[in-house]
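This report refers to the structure that appears directly beneath it.
The values are calculated or read from the model by the stated rules, or taken from the named source; none is laboratory data. If you're wondering where the values come from, they're calculated on a predicted model, not measured in any experiment. Backbone-built Cβ (ideal geometry, glycine too); neighbour counts: all protein chains shown.
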Amino acid sequence: MKVIKTIGALRAAVAAHRRRGHAVGFVPTMGYFHQGHVSLMKASVKAHDTTVVSLFVNPTQFGPAEDLARYPRDLKRDTAQARAAGVDILFVPTVEEMYPCPAAVSIEVGSMGDILCGAARPGHFRGVATVVAKLLNIVQPDAMYLGQKDAQQAEVLKRVVMALDFPVRIKVCPTCREQDGLAMSSRNLYLSPAERAKAPAIYLALCQGAKRIADGERDASKINSLIKKLICDGTGASIDYVSCVGLDGFRIVRRIEGDTLMAVAARIGSTRLIDNIVVKVR
Ligand code: PAF
C-alpha cells in the first residue's frame with residue numbers, strides 16, 4: 001500500500017492503475033479507523049481492482065466550538081488497518097495541500113443542510129460537500145463508499161453528485177455496531193467508562209421506536225417522544241434531535257408512511273453521538 005501526501009502524486013498513482021484498466025473504489029474518511037471504516041474499505045476492495053482511502057480531518061466541516069483540535073488521530077495505526085484491509089492507496093494530504101488559500105468557493109447544499117445535524121452544526125454540510133467534491137475531482141473514482149450511520153451526509157452527497165454530474169456511484173454500507181448496539185464512531189473514544197455504559201441507550205431506544213411502528217403507531221411525534229424519553233431516562237443525555245424522516249425526499253414527517261429513517265443526535269456528557277435506523281412501512 002502506498003501512502004501519498006500530495007494531490008499531484010495521488011493523481012499520478014491513480015492514473016497508473018487506470019492505465020492497467022483498473023476500476024477504482026474510494027472511501028473518504030477522517031481517520032481513527034474502526035470496524036465501520038474497515039467494512040467500507042473491504043466492500044470497495046471486493047468490488048474494485050484499486051481502492052483509494054482518503055484520511056483528512058477536514059477543518060471546514062467543524063464549527064468554531066467543535067472538536068477539530070482534539071479529533072482523534074493515529075496515522076500509524078490507521079496505516080496498518082488500511083493495509084490489512086487490502087487498500088492500495090492511502091491519501092493523507094495536509095490542510096495546506098487541500099486548502100492552499102482561504103476557501104473562497106464552496107458548495108451550498110440548500111435546505112438539506114439546515115435540518116437534523118445541519119441545524120445544530122451550521123455550515124457543516126457545506127464543508128463536507130466541498131471537501132468531498134474536491135476529493136472526487138482528485139481521485140476520480142468509479143464508486144464512493146459511505147456509511148449509513150451518517151445517513152444525512154450520504155443523502156447530501158448523493159445530491160451533490162447528481163447536481164454536479166460527478167460520474168461516480170455511491171454505495172451506502174450498513175452501520176457497524178458494538179456488541180451492545182452502540183454505533184461505531186471515532187468519537188466514542190471521548191466517552192468516559194460511565195458514559196460508554198449509558199451510550200447503547202440510543203440504539204435500544206431506536207429499536208423500541210421501530211417496534212412501536214411495527215405495532216401500528218404512525219404518529220411521528222409519539223414515536224419521537226418515546227425515543228427521547230427512553231434515551232434521557234437513566235442516561236441524563238441531552239437530546240439534540242429525534243426525528244422521523246421520509247426517505248422519499250428526505251423530509252421530516254409527522255405521519256409515518258413508506259420507508260422512514262428514525263434519526264437521533266444526543267449528547268452523553270460532552271460527546272455528541274448520532275445514530276439511526278430505517279423502518280419499512282407498507
Ligand atoms: O464522514 C466523514 O468522515 C467525513 O464527513 C468525510 C465524508 C470524510 C468528509 O470529510
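Scanning segment 144-153 turns up no residue that is among the small types (Gly, Ala, Ser), more than 13 Å from the ligand (Cβ to nearest atom) and over 22 Å from Ala65 (Cα atoms). With respect to Thr260, determine if the residue is more than 21 Å from the chain's Cα centre (by Cα), surrounded by 19 or more Cβ atoms within 10 Å (Cβ to Cβ) and not in a helix (DSSP H, G or I). So Thr260 fails the test.
For first residues located in segment 171-195 and closer than 26 Å to Ser44 by Cα, partners that are among the polar types (S, T, N, Q) and within 13 Å of the ligand (Cβ to nearest atom) and lie 6+ apart or on another chain with Cβ distances below 6 Å form the pairs Val172/Gln148; Pro174/Gln148; Thr175/Gln148; Ala183/Thr175. Out of all the residues in segment 84-127, which are in contact (Cβ under 8 Å) with a residue 12 or more places away in the chain, of a type in the set (Asp, Glu) and out of contact with any Ser or Thr (no Cβ under 8 Å at 6 or more places or on another chain)? Hit for segment 84-127 is Glu108, nothing else.
Considering the conditions (1) more than 15 Å from the ligand (Cβ to nearest atom); (2) at pLDDT 95 or above, Ala104 is excluded by exactly one of them, (2).
Within segment 80-105, the set of residues being β-branched (Val, Ile, Thr) and in contact with a Leu (Cβ under 6 Å, 6 or more places away or on another chain) comprises just one member, Val92. Out of everything in segment 224-243 that is outside any loop (DSSP other than H, G, I, E, B) and in contact with a Lys or Arg (Cβ under 8 Å, 6 or more places away or on another chain), what residue ends up being surrounded by the most Cβ atoms within 10 Å (Cβ to Cβ)? Selected residue: Val242. Residues in segment 226-245 that are over 19 Å from the mean Cα position of the chain (by Cα), at pLDDT 95 or above and not polar (S, T, N, Q): Leu226, Ile227, Lys228, Lys229, Leu230, Ile231, Cys232, Ala237, Ile239.
Across segment 205-223, a minimum of one residue is classified as surrounded by fewer than 19 Cβ atoms within 10 Å (Cβ to Cβ), outside any loop (DSSP other than H, G, I, E, B) and of a type in the set (Ser, Thr, Tyr). Only one of the numbered conditions (1) over 23 Å from the mean Cα position of the chain (by Cα); (2) surrounded by 19 or more Cβ atoms within 10 Å (Cβ to Cβ) is not met by Asp275, and that is (1). Would you confirm, using the coordinates I've provided, whether Pro72 is within 15 Å of the ligand (Cβ to nearest atom), more than 19 Å from Ala129 (Cβ to Cβ) and not in a helix (DSSP H, G or I)? Yes; evaluated as a whole, the condition is true for this residue. Per the listing Val109, Val128, the residue uniquely under 24 Å from Ala43 (Cβ atoms) and within 15 Å of the ligand (Cβ to nearest atom) is Val128.
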